[in-house]
Amino acid sequence: MTSEQRTAAPATRVELPPEESTLDATALTSLPSGRALLEPHRIALMAVGAGIVFCAAWFLRWDWLPNYAGAIVSGVGVTLLMLASTSVLGFFLAVPLGLVQVTGPWWLSLPAQGFCTIIRGTPLLLQLWLLYYGLGSLFPQFPEIRQSFLWPYLREAWPYGVAALTLSFAAYEGEVMRGAFTGVPRGELEAARAYGMSRWKLFWRIWLPRAVHRALPTLNGETVLQLKATPLVATITVIDVYAVISKVRQVTFLTYEPLLLLALIYLILTALLVAAFRYFEKRIPTRSA
Amino acid sequence: MTERAEAIAVRDLCKRFGALEVLKGISLTAREGEVIAIIGGSGSGKSTFLRCINMLEVPSSGSVAIRGEEIALRSDRRGGLVPSDRRQVQRLRARLGMVFQSFNLWQHMTIIQNVIEAPMHVLGVPRAEAIERGEALLRRVGLFDKRDVYPAFLSGGQQQRAAIARALAIQPHAMLFDEPTSALDPELVGEVLGVIGDLAKEQRTMILVTHEMKFARDVASHIVFLAHGVIEEQGPPEQIFGDPKSELLKKFISSSH
Ligand SMILES: Nc1ncnc2c1ncn2[C@@H]1O[C@H](COP(=O)(O)OP(=O)(O)OP(=O)(O)O)[C@@H](O)[C@H]1O
Ligand SMILES: [Mg+2]
C-alpha cells in the first residue's frame, strides 16, 4: 500500500527535487483547484452530485437525524481524536524507525526492519484484537498491574485502539521516512558537515526537515488511509462515528440513510485532511520540472 | 618582506580508499591572502585533497593545520585515522567556506535562510546581525532580489553565487572551491568566475580546484599540478603555463585548450 519513496540515487549534478506533489495522480487524495472546477466534465459531475443530494433529501428519511445529532458529533470527535493521536504518536515513532534503518547500527536497524515488516505484513484488525483480547485479558491476572495507576485506563478499550493504530501508522510511516531520509541528496548533508554542524544539528536543521518535506505527499495519503482505518476500533467497543452510525441503524431499522451520512462525513474529513496537507506542502514550493 | 602567516598547512598527506592510493604524500602551504589553484586530470585526487583539508575525508596519514592549529588525529581500530576531537573539527570547519561543484544549497530553505544558517546555528551570530550581513553578501553577488526564493527556482549560476555568499557569511579564514563552474552551462560560467575573481582580488585566502585554465592563470598566485596522487609540478602561473617542465604537465596543458 505504502508507495515507497524510492528516488533514484541522487546524482552529483544539479539536484532538482523530484517531489512534485505526487497527489495529483491519485484521485481521492487530491482536491481540484478553484479554476479547475469550471471545466465542463466537472460541471457535469457536480450536476449529477446535486441530483443525488436532491434525491437523497427528497426520497429518503432523515427525521431521525436531530435525535442522534449529538451522538454523531461526539462520534466524529472520537474518530478525530483517534486519528490525530495515533498519527502524531505514530509519526514520532516512525522518525527513529526510519532513521535507524538508514544510519543505525545493525542491532537497531534489524529490529526496526523486523517491526515494520511484521506490522505491515499482518491485518490491522488482527493486531487490534491481539492487543485487546490478548494483552487486555492477560493484564488483570497480574495484581501489580491491577493496583497500578494505569489500571483505570487499561480497563478501557480505547488505549488498545490507540496502541494498535499507532503501531500500524508507525510501521508504514517508518518505511516512508526511511525512503525520505535516504532520498535527501548527500551533497546537502555534506554541506552541513562542511559548515561545522554537529550530527545533532545536522539532523534537526537539515536532514529531518528535508526528509519530512519530501515525504509530505506520501504522508498525506497515509493519513487519509489512517482515517479510514479508525472504524476498526468500533470492533473493540470504542464509540467512534462508525459505532454511532451502526447503533443508529440497529435502532431505526434504516439501511441506507445512516450509511450515506457516514460516507459523507468521511469524505468531508478526508477533504479537510488533504487541504491541510496541501497548505503545508505549499509552504515550501518545489519546482515542477 | 616578512612571510605572511600560514592559513592552511598540509604535510605529507596520504589518502587511500581500500587498495586505491589516491594521494601519495602531498605537502602544501597556503599563506594568508594566497590564491592557490589546483589543476590536474580527472581522478587525480583534486577533490579528495580539498576534502581532506576540512576532514570531509579523513587522511590515511599526514597532517593538516589551520592557522597553525593542527587537527588532532588518532588511529582507530581498523588502522585508519579518525579525528580525536570532533569539536575541534567542527570549530575549524566553521571557518572554512567550502563551495561545491553541485552547489549543495539546502533546498528546504530560501536563499537568505541558506546564507544565515551556519552563522546563526553554528557560530551563534544573532539573527538580526546575520540577516544584515547576509543581505549585504547577497547584494554583492547580485542576488538580493532573490533573497526569499527557494534554490530550486534559481539558475545554476545563481545557485552557485548564492553558495558563495553562504560560504562568505561565516567570515571564513579560507575558501575552498571544488570545481565551482563544472556543473554550469557554458553561458553561466562567467558570472560565477566574476564573483570568484573579485574575491581573489581582495586577497582572500583561497584554494581553488578548477578546469578553467585561463581563469587559474589570471587569478591564482600559485598553481599546483596534481598527477597520480603527487604534486607533479608547482609554481607561479607564468612559469606553469609559460614554461612547464614536466612532460605530464606539458601534455595536460596542451590537451586542455
Ligand atoms: N569515497 C570514495 N571511495 C572510493 N574511491 C574514491 C572515493 N572518493 C574518490 N575516490 C576515487 O579517488 C580517485 C580520485 O578522486 P577525486 O574525486 O579526488 O578526483 P578529482 O581529481 O577530483 O577528479 P575530477 O576532476 O573528476 O573531479 C578517483 O579514482 C575516485 O574514484
Ligand atoms: Mg573532483
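The values are calculated or read from the model by the stated rules, or taken from the named source; none is laboratory data. Nothing here was measured: the structure is a model prediction, and the numbers come from that model. Note that we place each Cβ from the backbone using ideal geometry, even for glycine, and neighbour counts take in every protein chain shown. Accessible surface is based on the protein model in full, side chains and every heavy atom, while ligands, DNA and RNA are left aside. Shrake-Rupley method; radii C 1.70, N 1.55, O 1.52, S 1.80 Å.
A few comments on the model shown:
- Compared with the alpha-carbon gap, the fully stretched path from B:Q171 to B:H228 is longer by 17.1 nm at 0.36 nm per residue.
- Antiparallel DSSP beta bridges within the protein assembly as shown, as percent of all bridges there, nearest 5: 60
- Chain A: DSSP helices with Cα axial extent of at least 18 Å and average Kyte-Doolittle hydropathy no lower than 1.0: A:40-59, A:65-103, A:256-283
- Most mobile of A:G98, A:G90, A:G49 in a GNM of chain A (Cα contacts under 10 Å): A:G49
- Potential lengthening between A:F253 and A:F115 on full extension [0.36 nm per residue; Cα-Cα distance subtracted]: 45.4 nm
- Local charge for B:K250 was computed over the other residues whose Cβ lies under 15 Å away, with Lys and Arg +1 and Asp and Glu -1, and equals -2.
- Take each residue in B:115-121, count the other chain C-beta atoms within 10 Å of its C-beta, and the mean is 4.
- Of A:P209, A:P231, A:P105, the one that fluctuates the most in a GNM where chain A has Cα springs shorter than 10 Å: A:P105
- A:K228 accessible area, 1.4 Å probe, all protein chains in place, Å² to nearest 10: 100
- Counting Cβ atoms of other protein chains within 10 Å of each residue's Cβ and taking the mean over peptide B:90-102 gives 4.
- At R0 = 30 Å, FRET efficiency that the Cβ-Cβ distance of A:R283 and A:F92 yields, to 0.05: 0.90
- Linear extension gain, A:C55 paired with A:A157, 0.36 nm per residue minus alpha-carbon span: 32.8 nm
- For region A:184-257 versus region B:91-105, the spacing of their alpha-carbon centroids is 35 Å.
- Annotation: A:F92 carries an accessible surface of approximately 140 Å², with a 1.4 Å probe and no ligand, DNA or RNA atoms counted.
- Area accessible to solvent at A:V76, 1.4 Å probe radius, in Å²: 30
- Cα-based shape type of chain A, given that a ≥ b ≥ c are square roots of the gyration tensor eigenvalues and the cut on a/c is 1.5: oblate
- Of the residues A:L225, A:L83, A:L261, the one that moves most in a GNM of chain A with alpha-carbon contacts below 10 Å is A:L261.
- Estimated FRET transfer efficiency (A:L126, A:S74; beta-carbon r; R0 25 Å; 0.05): 0.30
- Cβ neighbours within 10 Å from other chains - mean over B:103-113: 6
- The Stokes-Einstein estimate for region B:96-172, based on a Kirkwood radius over Cα pairs and taken at 25 °C with 0.890 mPa s viscosity, is a diffusion coefficient of 206 µm²/s.
- Electrostatic bookkeeping for B:I223 treats Lys and Arg as +1 and Asp and Glu as -1; over the other residues with beta carbon under 13 Å from its beta carbon, the sum is -3.
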